[in-house]
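Shown next, in structure tokens, is the structure this report addresses.
Bear in mind that the values in this text are calculations on the coordinates, not laboratory data. Keep in mind that this is a model prediction, so the values were computed, not measured. Here the Cβ is made from the backbone with ideal geometry for all residues, glycine too, and neighbour counts use every protein chain on show.
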Amino acid sequence: MDNPFKQLNQPLKEVPKELKSKVMNDIAVAKLLMDLAMLFSVDAAKIIEQTMKKRKN
């Protein structure tokens with residue numbers, strides 16, 4: 001079995017443009033979904049915090 005770490009020093013291989021564009025598109029979609037999830041989770045936490053402060057008053 002070959003040592004996979006020896007392959008790290010070799011030059012990168014070219015990939016087909018279609019594959020590269022598909023991977024980049026998938027990464028962009030994943031980043032968008034993570035940003036949307038963060039946006040709603042932060043807002044929900046803020047709303048809960050404000051509601052709890054109002055109930056104490």
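Some notes on this structure:
- Among the listed options (1) 7.7; (2) 5.0; (3) 3.8, the one matching mean projected area of the Cα convex hull in nm² as calculated from these coordinates is (1).
- FRET efficiency for the pair Ala45 and Asn25, taken as 1/(1 + (r/R0)^6) with r the Cβ-Cβ distance and R0 = 25 Å, rounds to 0.20.
- Rounded to 10°, Cα long-axis angle of helix 17-56 versus longest principal axis of the chain: 20
- Per residue of the chain, the DSSP helices (runs of n ≥ 4 H) give a summed -39500 (n - 2.57) that works out to -26000 deg cm²/dmol at 222 nm.
- Descending by average beta-carbon neighbour count within 10 Å, the peptides 22-35, 3-16 line up as 22-35, 3-16, the highest first.
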